[in-house]
Amino acid sequence: MKILESMLRQWIAVPDDIVSLTNQKIIEVEAFEPVNPGTKLVIGHVLTCEPHPNADKLFVTTVDMGDRVEQIVCGAANVAAGQYVIAAQVGTVLPGDFEIKAVKIRGVESRGMICSLEELGFDDEDIPASYRGGIFYFDTPQTIGAPALPAIGQQGFVMTLGLTPNRADLLSVLGYAYDVAAMTNQSIRLPKFTIKENGPDNPVKVEIKTKGCSHYYARYFRDVKIADSPLWLKSALLACGIQPINNVVDISNYVLLEYGTPLHMFDAKKVKTDTIVVRDAKAGETVTSLDEEERVLEKGDVVITDGKTPIAIGGVMGLLNTIIDQQTDTVILEAACFNPKQIMKTSKRLDLRSESSLRFERGVDEERVIMGLERATELLVELTGATVYKGIASAVREARKRPKITFQKTYPYDALGIHLTEDEVVSYLRRYNYDITIKSDHYSVIPPSYRNDITIDADVLEEIARIHGLNNIPTTPLQSIASGRLTTRQQRLRGIRHDLAAIGLNEIISYSLLAPSDVHRYRKLGEPVSVLAPLSEDKKTLRQSLLHGLLEAVRYNQARQHDDVAVFEIGHLFAKDVESTWIGAAISGRWHHHPWNKDAIHVDFFLMKGLIDRLLDPLGIHVDYVKGVQHDRFHPHKQADIRYEGHTIGRIAELHPLEANRLDIKNTVVFELHLEPLLDRQADLTYQPVSRYPHIERDLAVVVDDDVAAGDLMTLIRQTAKKRLVSLTVFDVYKGGTIESGRKSIAFRLVFNDASKTMDAAEADKLIAQISTRLTTAHHATIRR
């Protein structure tokens with residue numbers, strides 16, 4: 001929301017510390033700058049204008065600056081004696097950081113500039129046709145030497161507020177003025193509208209036939225003259241980021257900024273009846289909005305009709321069939337209140353977001369709607385010459401009840417730790433325009449109609465804290481005998497993050513919402529859970545796998561020529577009655593490379609398996625990798641379930657080539673792991689001295705059937721060798737050659753040690769013989785010699 005100083009001064013005296021006051025007590029200020037950065041611009045009076053003696057298209061003028069007369073050379077064809085103009089003096093800095101200096105032009109001294117609107121920062125399309133290509137001059141006499149910017153609405157500052165969704169009251173200059181007035185103990189100077197109703201009776205009748213509209217008001221005008229808006233009105237709109245259109249449309253936008261009241265104007269001759277009916281749209285009803293787009297409505301939408309035909313989408317946008325154009329001379333002015341939830345739903349679904357719909361979505365002050373209507377009426381009479389018909393057509397279905405909030409007198413001290421007298425509390429709340437009832441031990445308050453965000457006692461407490469000053473509330477340390485520390489769960493999560501980062505992975509945070517069709521693409525936890533009012537259809541259903549976000553991160557980076565990607569995420573997965581913590585990772589491209597000798601380690605299934613083991617080993621957790629149910633998104637021969645204590649807790653896999661092609665990414669390996677069984681498990685840590693006795697190594701190669709897993713063989717080896725086996729690794733897998741079809745050779749390296757004595761070769765050979773016997777018996781293994 002942009003706040004113009006010139007508009008703000010209608011209601012309050014603007015304090016000098018407006019920026020710090022706003023930042024400290026109201027809302028964050030995102031930007032603060034002058035409406036026009038030009039300096040030392042004054043109103044001048046052109047006394048004489050003669051042709052330049054040495055140039056055909058230049059003029060030599062003398063200009064009264066108020067305190068002196070200056071000679072200025074001007075090249076505008078429309079300059080003439082007697083004009084009141086905007087004059088830049090020597091030392092003036094114009095927009096664009098252009099400084100005016102005393103110069104000689106074709107031998108004639110010039111001390112200043114007579115300004116065009118273009119030189120003052122206006123775009124060509126916003127300049128009235130009579131001033132394009134020439135200087136600007138006033139139509140009526142002005143005070144000579146007075147500051148020029150106020151005369152064209154370019155004075156003062158424009159301040160941008162960083163609004164939060166709850167502060168709908170700050171979506172208007174008047175709403176902001178109320179808050180500043182409260183903080184500075186001022187009273188708002190509200191205008192008194194004097195409307196001369198010179199026309200006949202208002203012919204319009206209004207009916208409300210929907211719960212989506214609570215109030216509807218309409219005025220009727222004739223003799224409306226469509227034209228360009230005056231410069232002060234254009235300047236105000238441009239400073240607030242709104243493009244001027246014509247005087248009628250610009251009035252509605254200006255009142256929107258002033259009062260926060262959205263208005264709409266219909267060409268009355270295009271409305272086929274004198275009855276305005278506000279109703280729910282019919283399913284499938286088709287209309288054409290002002291942007292010339294055809295829109296299909298649903299039953300929950302609100303439409304304004306002439307009794308039969310829709311003429312506007314309530315609270316969102318007008319329709320092309322009643323548009324104000326250059327031939328318009330009769331106008332119906334609408335001011336209304338609509339249901340915020342219905343307007344939000346319609347606006348999002350139709351992708352029609354506007355300044356009006358934003359305010360209706362957050363809630364419009366019902367009591368200010370009539371004020372906005374009357375302010376617009378006043379401006380229509382002033383700027384278009386309109387004749388006002390007698391009376392306001394109206395219908396009120398339901399008035400909003402302001403909440404009554406009760407809290408104990410001790411509440412401010414209990415919650416804020418500050419002593420406030422009853423007079424101070426009452427004074428604070430009355431400055432906010434609260435209605436207050438004082439009882440012996442409590443207060444009952446009713447917030448003003450424009451503060452629909454105040455609903456509970458904590459909201460009132462925040463108001464008291466703001467006006468008292470958050471910087472005036474003492475900081476008191478918590479009194480606790482408990483020492484702070486991380487839980488085992490927190491320590492594990494932090495350790496996992498640090499370990500993965502230390503070995504080269506980057507942590508990401510991805511969206512938890514997906515398109516409903518994608519939710520079971522990589523994992524099915526249960527029945528999907530969807531949000532009721534999604535921002536879009538592709539962000540509707542809660543995820544059941546982390547791989548969506550991880551693979552999107554891979555795709556995003558590789559699309560930008562970052563081929564080597566290693567990312568992980570720790571987050572929650574969701575299904576009906578399920579919410580659990582998981583970790584996932586995706587690695588693509590090269591894991592490590594040496595540019596000097598052109599050597600590289602490329603990502604594969606076994607590298608990812610090693611990273612998982614490296615991650616879990618410090619936690620004292622050992623997992624098994626077993627063949628599970630095939631998932632068609634992963635490579636059929638490079639995927640495995642991860643099992644812990646007999647339960648499947650995750651999956652490791654290489655992405656299926658078709659899936660990688662669909663995502664347009666390179667070969668990628670992923671894993672997901674359910675962390676809940678691991679985070680709270682206490683690690684069984686044992687410490688033992690380093691053995692003083694030497695190791696004995698043996699290599700053992702066995703031939704087994706293709707479907708025998710190396711993990712099963714390793715389990716049997718460990719069970720047989722027991723404590724004396726200190727290391728077991730696979731160093732070779734071989735097929736073909738002398739190995740018969742359907743079988744494979746697996747070679748293990750075993751390291752033995754006896755902590756109590758030197759182990760001799762005979763003992764090691766005996767263990768190898770025992771292991772060989774068990775492998776032969778259990779898995780029909782053949783020992784390779």
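The values are calculated or read from the model by the stated rules, or taken from the named source; none is laboratory data. Small disclaimer: the values here were computed from a predicted structure and weren't measured. No Cβ is skipped: glycine too gets one built from the backbone with ideal geometry, and neighbour counts run over all protein chains shown. Just so you know, the surface numbers come from the protein's heavy atoms only, side chains and all, with ligands and any DNA or RNA stripped out. Shrake-Rupley method; radii C 1.70, N 1.55, O 1.52, S 1.80 Å.
Per-structure values
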read-out: Reduced Cα scattering model of the stretch 1-122, Debye log10 I(q)/I(0), q = 0.20 Å⁻¹; value: -1.07
read-out: Two-decimal Rg/Rh across the stretch 504-546, once Rg and the Kirkwood Rh are taken from alpha-carbon atoms; value: 1.04
read-out: 0 to 90° range, to nearest 10: angle between helix 173-184 axis and the chain longest Cα axis; value: 80
read-out: Normalised contact order of the chain, rounded percent, pairs of Cα under 8 Å and 6 or more residues apart; value: 8
read-out: Theoretical gain in end-to-end length, Lys269 to Trp596 [0.36 nm per residue, Cα-Cα removed]; value: 109.6 nm
read-out: Dimensionless Rg ratio for the stretch 492-644, taking C-alpha atoms and the 2.2 N^0.38 Å reference; value: 1.13
read-out: P(r) histogram, all alpha-carbon pairs of the stretch 285-359 included - 5 Å bins from 0, percent; value: 3, 15, 29, 26, 18, 7, 3, 0
read-out: Distance (nanometres) between label positions extended 7 Å along Cα→Cβ at Leu478 and Val19; value: 3.7
read-out: Reachable aspartates and glutamates, given that their alpha-carbon falls under 16 Å from the alpha-carbon of Lys524 and they are not under 8 places away in the same chain; value: Asp577, Glu579, Asp632, Asp641, Glu672
read-out: Hull shadow area, averaged, the stretch 303-405 [alpha-carbon convex hull, nm²]; value: 8.6
read-out: Sites Asp577 and Lys211, calculated FRET efficiency, Cβ-Cβ separation with R0 45 Å, nearest 0.05; value: 0.85
read-out: Packing-based order for 597-606, 329-338, using average beta carbon neighbours within 10 Å, highest first; value: 329-338, 597-606
read-out: Protein accessible area in the stretch 634-685, 1.4 Å probe - carbon and sulfur %; value: 48
read-out: FRET efficiency, Tyr687 to Leu461 (Cβ-Cβ, R0 60 Å, nearest 0.05); value: 0.65
read-out: Per DSSP, loop GluC sites (Glu not before Pro) in the stretch 605-684 with at most 15 further Cβ within 10 Å; value: Glu645
read-out: Value at 222 nm in deg cm²/dmol, rounded to 500, when DSSP H runs of n ≥ 4 in the chain each add -39,500 (n - 2.57); value: -7000 deg cm²/dmol
read-out: Candidate lysines - alpha carbon under 17 Å from Lys272, same-chain residues fewer than 8 apart omitted; value: Lys205, Lys308
read-out: Relative contact order of the stretch 41-182, pairs being alpha-carbon contacts under 8 Å that are 6 or more residues apart, as %; value: 24
read-out: Listed peptides 397-410, 209-222, 438-451 by packing density, highest first (mean Cβ within 10 Å); value: 209-222, 438-451, 397-410
read-out: Probe 1.4 Å, accessible area per residue of the stretch 681-785, Å²; value: 64
read-out: Heavy-atom surface of the stretch 515-639, accessible at 1.4 Å and reported per residue (Å²); value: 56
read-out: Ratio Rg/Rh, restricted to the stretch 682-785 and using Cα atoms, in which Rh is the Kirkwood radius; value: 1.03
read-out: Angle in degrees between helix 340-350 and the longest Cα principal axis of the chain, rounded to the nearest 10; value: 70
read-out: The chain: radius of gyration over Cα atoms, expressed as a fraction of 2.2 N^0.38 Å; value: 1.41
read-out: For Asp706, net neighbour charge (Lys/Arg +1, Asp/Glu -1) across residues whose Cβ lies under 14 Å away; value: 0
read-out: Cut-off under 5 Å, modelled amide H: who pairs with Glu207 long-range; value: Ile276, Val277, Val278
read-out: 17 Å cut-off, amide nitrogen to a point 7 angstrom out along Trp232 Cα→Cβ, residues in the stretch 181-205; value: 191-194
read-out: Ranked by how many other beta carbons lie within 10 Å on average, peptides 223-235, 8-20 from highest; value: 223-235, 8-20
read-out: Pairs of alpha carbons in the stretch 600-646 whose separation is greater than 18 Å (percent); value: 38
read-out: The stretch 51-129 - percent of accessible surface contributed by carbon and sulfur, probe 1.4 Å; value: 48
read-out: 0 to 90° range, to nearest 10: angle between helix 547-558 axis and the chain longest Cα axis; value: 70
read-out: Accessible area of the stretch 529-587 belonging to carbon and sulfur atoms, whole % at 1.4 Å probe; value: 51
read-out: Column: log10 I(q)/I(0), Debye, Cα scatterers of the stretch 449-525, q = 0.23, 0.26 Å⁻¹; value: -1.09, -1.21
read-out: Contour minus Cα-Cα distance for Arg698 and Thr720 (0.36 nm per residue); value: 6.4 nm
read-out: Residues of type lysines that Lys101 reaches as a straight line, Cα spacing below 18 Å, ignoring anything fewer than 8 places off in the same chain; value: Lys40
read-out: Two-site FRET efficiency, Arg497 against Ile418, from Cβ-Cβ distance with R₀ of 51 Å, rounded to 0.05; value: 0.80
read-out: Heavy-atom surface of the stretch 237-357, accessible at 1.4 Å and reported per residue (Å²); value: 40
read-out: Extension reserve of the Gln770-Glu676 stretch, reckoned as 0.36 nm per residue once the Cα distance is removed; value: 29.9 nm
